[in-house]
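In what follows, a structure is listed as structure tokens, so that the remarks can point back to it.
The values are calculated or read from the model by the stated rules, or taken from the named source; none is laboratory data. What you see is a predicted model, and the numbers here were worked out from it, not measured in a lab. All Cβ positions, even for glycine, are placed from backbone atoms using ideal geometry, and neighbour counts span all protein chains on display.
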Amino acid sequence: MIEEKISLVNNVLTDRLNKTIMGLLCIQENWEIAKDFGNQIINLEENTTVGMTLRTLQENKISNNTNFDVLNSYALVIAELVCKTLDIKYRNPKRFYWNYYKPGEKGEYHEDLQGLPNKNLISILYTLNTTDGYVEFEKGGRYPDVSGQAKVFRCTQKHRGVGPVKDKVRFNLNIVLEL
């Protein structure tokens, strides 16, 4: 069971598989500016966007886009491996959101699936490439991007993604699972 802390699982997938996934992400056409419940998509004070999102599974519904089948298969494998390592039993995946950040982009603090009953939900934030970007928790500090690492936490923990400074791109996957 996940407490009110962040659990780390390293080396979930190999760098080779992560690069394969990033290659698939780069040819997708359905990217959109990221938006979390109630948040602005553009930070007017800092003149930046909050990154991009590719939604391949949302509220248990798989997109009609058949190109997403392979990405969803990878996401499910990642969820299974992480949950096996941490001995987490889950009922089903609620969403798979692939995130893409360029230098200078920064998300807003948010809860995953905010506005819905989420006490029986966990998030897995899986990093595809090592960068100088990071995920930051409102209460809990910063966790740098490490390729193949999963950060597991309760959906109620406010967090945000922060894009790289020197690196050109940051890719990660946000998985939400119902316990």
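Observations, loosely collected:
- Members of the stretch 123-161 that are part of a strand (DSSP E or B), in contact (Cβ under 8 Å) with a residue 60 or more places away in the chain and under 12 Å from the mean Cα position of the chain (by Cα): TYR126, ALA150, LYS151, VAL152, PHE153, GLY161
- Selection over the stretch 122-179 of residues that are within 16 Å of LEU76 (Cα to Cα) and buried (at least 17 other Cβ atoms within 10 Å of the Cβ) gives a count of 18.
- Here ASN65 clears all of (1) closer than 24 Å to LYS168 by Cα; (2) at pLDDT below 95; (3) not small (Gly, Ala, Ser) except the condition numbered (1).
- Whether a residue is out of contact with any strand residue (DSSP E or B) (no Cβ under 8 Å at 6 or more places or on another chain), farther than 22 Å from GLN149 by Cα and either loosely packed, with under 15 Cβ neighbours inside 10 Å or at pLDDT 95 or above (or both) was assessed, and GLU80 does not pass this test.
- If only residues of the stretch 94-121 that are in contact with a strand residue (DSSP E or B) (Cβ under 7 Å, 6 or more places away or on another chain) and assigned to a loop (DSSP other than H, G, I, E, B) are counted, the one that is surrounded by the most Cβ atoms within 10 Å (Cβ to Cβ) is ASP112.
- Restricting the stretch 7-45 to residues that are modelled with pLDDT of 95 or more and in a loop (DSSP other than H, G, I, E, B), the residue that is nearest to VAL82 (Cα to Cα) is VAL12.
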